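Notes to accompany the following structure.
The values are calculated or read from the model by the stated rules, or taken from the named source; none is laboratory data. The structure displayed is predicted, hence computed values, not measured ones. Glycine gets a Cβ as well: all are built from the backbone with ideal geometry, and neighbour counts include every protein chain shown. Note: accessible area is taken over every heavy atom of the protein model, side chains too, but ligands, DNA and RNA are not part of it. Shrake-Rupley method; radii C 1.70, N 1.55, O 1.52, S 1.80 Å.
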Amino acid sequence: MIINIIYFIFAYLLGNVLGGKIISILYKEDFSQYGSGNIGARNAGRILGPKAFLFVATVDIFKGFLIVIMLKLFNAEAKIIAICILLVVLGHIKPIAFGLKGGKGVATFVGTLLALSPNLVFVLILGFLLISFITRSTTIGFYSTLPSLIYIHYLDFRSLTASAVLALVLALLFFVAREDIKKAFKKYFAPVRKRPVKRT
């Protein structure tokens, strides 16, 4: 029990390591004051350039990857790994080290999937590419694919508890990005305005 509590605390604190904060220190520029106002990789790339995007994305993905790999090496149960995924993502979104103001947790969540199961990664990539191609929206593509991961996770680990915790992680990601999702769907379903016909 004590070892699990240590895992949980470590996972949350690891989530507090924000690539965006590190790059802000390196560049001596708080890029979250510009663009979308987010501390994540997309806004870093938009404001500071592609190198900043790669750095922030790498840091945020790696911490998600690291916690799952470590727990696998320690032979942790599927439900313990799932709870730590929830906590590392929560630590990124609501980091106590930065006044509970973090990012959206997408890169960190993807990092956990990379270490957790190739099946989850395959379904996420396939669904993301297919839906994004149809809708021309990466936001719709990503978030529309997420619910299917719960079923794939259950097939892989056969743990209702772990899959239920994963569902909580997805609910958290949806909640944080709810405004972006609304905007994306509103734009997609907006009626196409016909251009007025010029009379000759």
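Electrostatic tally near V169: other residues with Cβ closer than 13 Å to its Cβ, Lys and Arg +1, Asp and Glu -1, net +2. Taking every full run of DSSP H in the chain, the ones that stretch at least 27 Å from end to end by Cα along their long axis and average 0.5 or higher on the Kyte-Doolittle scale are 50-73, 138-157. If a/c stays under 1.5 just call it rounded; otherwise compare a/b with b/c (prolate if a/b is bigger, oblate if not). Do that for the stretch 74-151, with a ≥ b ≥ c from the square roots of the Cα gyration tensor eigenvalues. Judged from the Cα gyration tensor, the stretch 74-151 comes out oblate (a/c at least 1.5, b/c at or above a/b). In the context of the full set of protein chains, residues of the chain present 60 Å² of accessible surface per residue (probe radius 1.4 Å, heavy atoms only).
The portion of the accessible surface of the chain made up by carbon and sulfur, rounded to a whole percent, is 68 (1.4 Å probe; DNA, RNA and ligands excluded). Taking the average, over residues, of other Cβ atoms within 10 Å as the packing measure, peptides 13-22, 178-187, 120-129 rank 13-22, 120-129, 178-187 from highest down.
Which of rounded, prolate, oblate describes the stretch 89-196, given a ≥ b ≥ c as roots of the alpha-carbon gyration tensor eigenvalues and a/c under 1.5 marking rounded, otherwise prolate only if a/b is larger than b/c?
It is oblate, given that a/c is not under 1.5 and a/b is not larger than b/c.
Rounded to 0.05, the FRET efficiency of the T161 and L100 pair, given R0 = 22 Å and the Cβ-Cβ distance, is 0.20.
Accessible surface ranking for Y154, Y188, 1.4 angstrom probe, highest first: Y188, Y154.
Based on the mean of other Cβ atoms within 10 Å per residue, sort peptides 28-35, 64-71, 83-90, 135-142 so the most packed one is first.
Ranked by mean Cβ neighbours within 10 Å, highest first: 83-90, 64-71, 135-142, 28-35.
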